[in-house]
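Read the structure below first, then the notes.
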Amino acid sequence: MKMETEMKTLDHYKALPYRRRVELVREADGQEYFVASVVELPGVEADGSTPYEAHFHLQHAFEDYLIAMLKWGEEIPEPELEIIPADGRPNAG
C-alpha cells in the first residue's frame, strides 16, 4: 500500500506550539543582552537588548528558517505535545 505524504505549509508550522526560551546573557565586561531561541529547532535564535526585542527578532528568524527548509525540501522537526489530564496526575503507562 502506497502512503501519500501530506505537503505541509508555512502556516502549518507557524501554528504549531513550538516552545520559545529567552535567556539573559551577561558578558565579562558587564554588558547584558537577551537571546531567544526555539527549543525544538537548535540554531534558530536571535538576540535583543530586551526580552521582548529578542523574541520579536526570533519571530523573523523562525519564519526565515521555515521558508528555507520548505524551499530545500528538508524535514522540519515538529514539537511534541505534553498532554496532562484534568486532575493533573500523569498517566500510568
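The values are calculated or read from the model by the stated rules, or taken from the named source; none is laboratory data. If you're wondering where the values come from, they're calculated on a predicted model, not measured in any experiment. Neighbour counts are summed over all protein chains in view; Cβ atoms, including those assigned to glycine, are modelled from backbone coordinates with ideal geometry. With ligands, DNA and RNA removed, areas are computed over all heavy atoms of the protein, side chains included. Shrake-Rupley method; radii C 1.70, N 1.55, O 1.52, S 1.80 Å.
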Rounded to the nearest 20 debye, dipole of the chain from Cβ charges on Lys, Arg, Asp, Glu: 260 debye
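Where the accessible area of the range 24-93 is counted over protein heavy atoms with a 1.4 Å probe, how much of it, in %, is carbon and sulfur?
On the way: 2730 of 5260 Å².
Exposed carbon and sulfur together represent 52 percent of the surface.
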Could you give me the ³J(HN,Hα) list for the range 70-86, computed from phi with Karplus coefficients 6.51, -1.76, 1.60 and θ = phi - 60°, whole Hz, x at Gly and Pro? 5, 4, 7, x, 7, 6, 10, x, 10, x, 8, 8, 9, 9, 10, x, 4
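Find the relative contact order for the chain and round it to a whole percent, using C-alpha pairs within less than 8 Å whose residues are 6+ positions apart. It would help to have the intermediate numbers written out before the result.
Working: 112 pairs, mean separation 20.8, N = 93.
With pairs under 8 Å counted, the relative contact order is 22 percent.
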Farthest toward the dipole's positive end in the chain, which of Tyr33, Ile67, Ser49, given Cβ charges of +1 (Lys, Arg) and -1 (Asp, Glu) about the Cα centre? Ile67
If we count trypsin sites (Lys or Arg not before Pro) as exposed when they sit in a DSSP loop and have at most 14 other beta carbons within 10 Å, what is the longest stretch of the chain that avoids them all? 20-93
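Between rounded, prolate and oblate, where does the chain land on the alpha carbon gyration tensor, with a ≥ b ≥ c its root eigenvalues, rounded for a/c under 1.5, else prolate if a/b exceeds b/c? Intermediate results must be reported in sequence, preceding the final value.
On the way: a/c = 2.92, a/b = 1.34, b/c = 2.17.
It is oblate, given that a/c is not under 1.5 and a/b is not larger than b/c.
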With every protein chain kept in place and a 1.4 Å probe, the chain has an accessible area per residue in Å² of 81 Å²
Counting only the heavy atoms of the protein chains, how much of Val39 is accessible to a 1.4 Å probe, in Å² to the nearest 10? 50 Å²
